[in-house]
1. Probe radius 1.4 Å, ligands and nucleic acids ignored: give me the carbon and sulfur share of the accessible area of the chain as a rounded percent.
2. Excluding residues fewer than 8 places away in the same chain, name every one of the lysines whose C-alpha is closer than 24 Å to that of Lys182.
3. On a full-extension model of 0.36 nm per residue, what is the gain between Ser74 and Arg86, subtracting their alpha-carbon distance, rounded to one decimal in nm?
4. What's the angle, to the nearest 10 degrees (0 to 90), between helix 162-177's Cα axis and the longest principal axis of the chain?
5. Largest first and in whole Å, give the semi-axes of segment 208-252's equivalent ellipsoid, each being the square root of 5 times a Cα gyration tensor eigenvalue.
6. If you take the C-alpha gyration tensor of segment 84-241, multiply each eigenvalue by 5 and take the square root, what semi-axes do you get, largest first, in whole Å?
7. If a paramagnetic tag sat 7 Å from the Cα of Lys115 along the Cα-Cβ line, which residues of segment 152-169 would have the backbone N under 11 Å from that point?
8. If you roll a 1.4 Å probe over the heavy atoms of the protein chains, what accessible area per residue do you get for segment 55-116, in Å²?
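The values are calculated or read from the model by the stated rules, or taken from the named source; none is laboratory data. Values in this document were obtained by computation on a predicted structure and should not be read as measured data. Neighbour counts run over all protein chains shown; Cβ positions are idealised from the backbone, glycine included. Quick note on the areas: whole protein, heavy atoms, side chains included, nothing else; ligands and nucleic acids left out. Shrake-Rupley method; radii C 1.70, N 1.55, O 1.52, S 1.80 Å.
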Amino acid sequence: SSRISYKDVVAFVKEKIDRGGGSTSGGGGGMAVKPLPNFEKFGPVVREAQSRIGVLTADNMHYAFNTIPHAWISEKIDITHLEELRQKYKDQVKLAGGGLTTTSIITKVVADILKKMPQFNSSYDIEKREVIYKKFYNIGIAVDTPRGLLVPVIRNVDQKSLTQISVDLTELSTRTRDGKNKPDDLDGGTFTISNIGGIGGTNMLSIVNWPQVAILSVTAATMEAVWNESKHSFEPRLMMPVTIGWDHRVINGADAARFLKTLKQTLEEPFFGWL
C-alpha cells in the first residue's frame, strides 16, 4: 500500500490555499463555505449578480488578504505649506493638460522614496524564497468608477516631472472612469496609492495589491489645532492622515516607519527630498 508522505500533505495544503479551498468565489480560503441563512423569512430581498470587475476584485482581495501577512502604520502630515504651493502652481500645470492634485504630488515623492527603499518596490517569490527587486517604478492609482474600483498604472514615474505625472494621472483617471482603458493601463504596477480624501474618512487600512508588497492609503485632510513649540501656542494646520500597509515577509515595521517619516518630511518641506 502507498504511504502519504509529508511532501504529499504540504502539496495538498498548498493546492488548497492556491485554489482558495477549491472555490474561486472569494469564499473559504481553505475553509468550508457556510451556507447563507434564509433572509427571505425576515423580509423581502433582491439578488443581483456581481459585476465581472466585482468578482475579480473580490477574488484578488481575498487571495491577497489570506496569503500576505499584513501590518499597518499611520501618520499625520502637515500639508499647509504644500497646499499653498499647489494652489500657486495648479494653473500652470492645468495649461499642460493636467491637474496638480495632492495625489500627483504624493506619486512623485513616493517614486523618489522607492529608489532609496527598494524593498517597497519588490515582490516575494514564496516558492524560491526570493525577493524580486524591480528596477522600474510603476505606481498604481486606485480610481473609483461606476464599474467598481480599478487601479490604472503610471509608468516610469521616476523619469517624469511633476507636470507630466499630473497629465498622465488626469488622462488615466478619465479613461478609467469612462471605461476606455488601453490594454496595458492596469498592468505592471510596483506600488499602489489609494486616496479617498475627496470622499472623506479619517483613516484607512488597505489590502496590499498582490503581487506588490506595500500600499499607501490617504484620507481627507482637515484643519487641526497643532502646538507650535517656538511660538508657545496652538495654530491651525491642514493635517493629512496617511497609512502604509505592507507585507511583513519582506518589510519590517522600522522600515515602514522610516518610509512614512521620509514621506512626511518631504511633503512638509519639499526641499528635503532633493538633499
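1. About 57 percent, which is the carbon plus sulfur part of the accessible surface.
2. Lys94, Lys108, Lys134, Lys135, Lys160
3. Taking 0.36 nm per residue and subtracting the Cα distance, the gain is 2.0 nm.
4. 40
5. Semi-axes, largest first: 34, 13, 4 Å.
6. 28, 21, 16
7. 157-161
8. Per residue, segment 55-116 has 52 Å² of solvent-accessible surface.
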